[in-house]
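Every number here is computed from the coordinates shown, using simple stated rules; none is lab data. As the structure is a prediction and not an experimental result, all values here were calculated from the model. Here the Cβ positions follow ideal geometry from the backbone for every residue, glycine too, while neighbour counts run over all protein chains shown.
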Amino acid sequence: RASRTFVRALQLRRPRRWRRLPVCTALRMTKEHQWKEEDGSRQQNTDKDTAGRKDSSNDKKGRAMKAITILSALIGGVAFLARSQGVESSIDRDDKDVTCGSAVKFAHFESGNKYFLHSANQNMGSGSGQQIVTMMANKGKQNSLWLLREGHGQPQCAPGDPLECGQRIRLTHLNTMKNLHTHHVRSPLSRQQEVSGFGEDGEGDTGDDWIIVCGSGAKTLKRSTKFRVQHVDTKRYLSATEQVKFTEQNCGGNCPILHHLEVAARSSPDRNTEFKVELGVHLSK
């Protein structure tokens, strides 16, 4: 059957996009597609076998990821709408544990919880050129929601499970699906280690993995307490300070991140590396 398909394909006039392709490429395309005549016209059908070759585990993981994202976004819209109208959302106070699958905002503790971990669909003009991550002084912005997930290559954590101190996690930006990431590249202002958004559809590499560092004696991450996040690969801590921000002098008059704080990763923990979950949509069992 495969041979008949191959011969029949060669008898047809080759599509325009094949004409300058190498022979091996044309043969590969012939193998992946079947051509047939129907009512005097030729139509292309995609090979069902090729379409069906999907890894089942990745497919399940993708569906679970989409479900969590959609659920978090929908509940998030309700929660923030209620808050904007002066109504305290019950979703925010259902569970004092920070849980897997939740969409939360990380407030910078040293600045009085005025600045929130933020990202947008904009790339840096220097360094790695990856997606910008900053601290922004606007807690009402939806661009500051981060999805809490298991670490790269780790068993999937069940939505609603409390996050344990010392647990390896990823922080995925809900609007762009980029992961909070750092690597051995200098940050633009403080010349610490650059922090960026990385990956596609929530999938990147081990540079996206962070460890939750709680206070002494704590077993799970609580919304009411401050904590740190330490990068697994480089051992550096997520940090920011009001002393290092983007201005017209260092970013230009049309700077899209004007007055944002630079987010970087530093080698040692201090007051600038402390954060708190100020707002969020918390999933619970």
Between ASN143 and HIS184, what length comes free when the chain is fully extended (0.36 nm per residue of separation minus the Cα-Cα distance, one decimal in nm)? 12.2 nm
Cα-centre dipole for segment 190-285 with unit charges at Cβ (Lys and Arg positive, Asp and Glu negative), debye to 20: 740 debye
For segment 87-219, report the % of Cα-Cα distances exceeding 26 Å. 22 percent
Residue exposure sequence - SER190, SER119 - by fewest surrounding Cβ within 10 Å: SER190, SER119
Provide the FRET efficiency to the nearest 0.05 for the SER216-SER267 pair, computing r from the beta carbons and using R0 = 22 Å. 0.55
Burial ranking of peptide ranges 261-272, 241-252 (average Cβ count within 10 Å, highest at the top): 261-272, 241-252
³J(HN,Hα) across segment 221-232 via Karplus (A = 6.51, B = -1.76, C = 1.60, θ = phi - 60°), whole Hz, x for Gly/Pro? 7, 9, 5, 8, 10, 7, 7, 10, 10, 10, 6, 5
Long-range amide H contacts for ASN123: which residues qualify at under 5 Å (H placed 1.01 Å from N, peptide plane, sequence gap of 5 or more or a different chain)? ILE132
